[in-house]
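Below is one structure; the comments refer to it alone.
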Amino acid sequence: MSGPALDTARHGPLAALSDRLWRHPRGAVLLLLAPPALWLGIVYLGSLFALLVHSFFSIDEFSGLIRYQLTLKTYRELLTPANLDIIQRTVVMAAAVTVAAAIVAFPIAYFAARHARGRWKAVFYLGVMLPLWSSYLVKVYSWKLILAKEGILNWLFDRLGLGWLMEAYLALPLVGGNSLSVSWTGTFLVFLYVWLPFMVLPIQAALERVPQSLMEASGDLGATPAQTFRHVLLPLALPGVIAGSIFTFSLTLGDYIIPQIVGSSRRFIGQAVYAYQGTAGNIPLAAAFAVVPIVIMGLYLWMAKRRGAFDAL
């Protein structure tokens, strides 16, 4: 290729743009961030804004059509005892799953952070991540079979001569039912299993940041293992616990599939949104229900940020 042709190629529109971006790195960053920012702003934030706006509309009782007039009527309907019961049930379940996940995940994460090395470290990550690779629906339906009256869990209790204990537990109000697969306890167990990896990994990451010298210094100063855990290890690992709770709490709060497949007929927020939007056609009330997890998680994230939880993500 001749010299003039090369000069033309070098000084084309793309070359000029490249030179300009090289001289103005902020413009290059802006150009790279513009597509995902537009996608986030239009698709995600735009849909949230539309959802928020619809929650201030209402349904005409006679025609069943949406009244496009701003009102707080839908939020007053949201605060009726039946709907407050749905919100309370969902929040209690999310909190219970989060606390249980933290209790179960902490020793697992501690072993991985302090004792697992080499091959055992790989086994740990494989064991934690493997459930995430399988189908969500397959896991939920598998647990439904495990918890069913004819499932392996009931069979195991019967073989151990503890069938009476299972029957006594299922007879308890609120947590019991005809079987674990149609009970509050069954829903809780499936939530705990599905979201547990999201608690283990942040805690493990936080524990790896705790210097071993602090643990040794605590023992040298006369602290018992329990005192070292309470006053040294737990406060330093708390951001990881809070980071994991962000995942487990939010995912439980908005989940629709697990309560629909495993559990009783008592609704959660996700089921209420689906029922009011799909079956009843009450989009404003469905939108108001959907705003509840957003508000709760907004407050929760604000408190988590103040505790430094995002440093462990």
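The values are calculated or read from the model by the stated rules, or taken from the named source; none is laboratory data. The structure presented is a predicted model; accordingly, all values stated were derived computationally and were not measured. No Cβ is skipped: glycine too gets one built from the backbone with ideal geometry, and neighbour counts run over all protein chains shown. For accessibility, only protein heavy atoms count, side chains too; no ligands or nucleic acids. Shrake-Rupley method; radii C 1.70, N 1.55, O 1.52, S 1.80 Å.
Structural remarks
- Segment 54-103 - residue that is of a type in the set (Asp, Glu) and open to solvent by 40 Å² or more (accessible area, probe 1.4 Å) and, of those, modelled with the lowest pLDDT: 61
- Apart from one condition, residue 157 fits all of (1) buried (at least 19 other Cβ atoms within 10 Å of the Cβ); (2) free of Cβ contacts under 8 Å to residues at least 60 places away in the same chain; the exception is (1).
- Among the numbered conditions (1) loosely packed, with under 15 Cβ neighbours inside 10 Å; (2) more than 27 Å from residue 137 (Cβ to Cβ); (3) touching a residue at least 40 places away in the same chain (Cβ under 8 Å), the only one that residue 266 does not meet is (2).
- You will find that of 121, 144, the residue that is open to solvent by 60 Å² or more (accessible area, probe 1.4 Å) and either without any contact (Cβ under 8 Å) to a residue 60 or more places away in the chain or assigned to a helix (DSSP H, G or I) (or both) is 144 and no other.
- For segment 192-209, the criterion of being in a loop (DSSP other than H, G, I, E, B), open to solvent by 50 Å² or more (accessible area, probe 1.4 Å) and charged (D, E, K, R) is met by at least one residue.
- The residue that is farthest from residue 252 (Cα to Cα), among those in segment 178-191 that are outside any helix (DSSP H, G or I) and among the hydroxyl-bearing types (Ser, Thr, Tyr), is 179.
- Figure legend. Inter-residue proximity from segment 235-259: first residues free of Cβ contacts under 8 Å to residues at least 24 places away in the same chain, second residues outside any helix (DSSP H, G or I) and open to solvent by 10 Å² or more (accessible area, probe 1.4 Å), beta-carbon distance below 9 Å, spacing 6+ or different chains. Indicated pairs: 256/268.
- Candidate set from segment 217-233 (those that are surrounded by fewer than 13 Cβ atoms within 10 Å (Cβ to Cβ) and under 18 Å from residue 103 (Cα atoms)); member that is farthest from the chain's Cα centre (by Cα): 225
- Of everything listed in (1) in a helix (DSSP H, G or I); (2) under 27 Å from residue 266 (Cα atoms); (3) of a type outside the set (Phe, Trp, Tyr); (4) open to solvent by less than 50 Å² (accessible area, probe 1.4 Å), the single unmet condition for residue 175 is (1).
- Criterion: in a helix (DSSP H, G or I), of a type outside the set (Gly, Ala, Ser) and loosely packed, with under 11 Cβ neighbours inside 10 Å - qualifying residue of 130, 165: 130
- Against the conditions (1) in contact (Cβ under 8 Å) with a residue 12 or more places away in the chain; (2) open to solvent by less than 30 Å² (accessible area, probe 1.4 Å); (3) farther than 25 Å from residue 101 by Cβ, residue 275 satisfies every one except (1).
- The numbered conditions (1) modelled with pLDDT under 80; (2) surrounded by fewer than 12 Cβ atoms within 10 Å (Cβ to Cβ); (3) aliphatic (A, V, I, L, M) are all true for residue 17 except (2).
- Filtered residues of segment 221-247 (kept if outside any helix (DSSP H, G or I) and of a type in the set (S, T, N, Q)): 224
- Residues that are closer than 24 Å to residue 184 by Cβ and assigned to a helix (DSSP H, G or I), drawn from segment 73-87: 78, 81, 82, 83, 84, 85, 86, 87
- Flag if residue 90 is part of a helix (DSSP H, G or I), touching a strand residue (DSSP E or B) at 6+ places or on another chain (Cβ under 9 Å) and of a type in the set (Ser, Thr, Tyr): no
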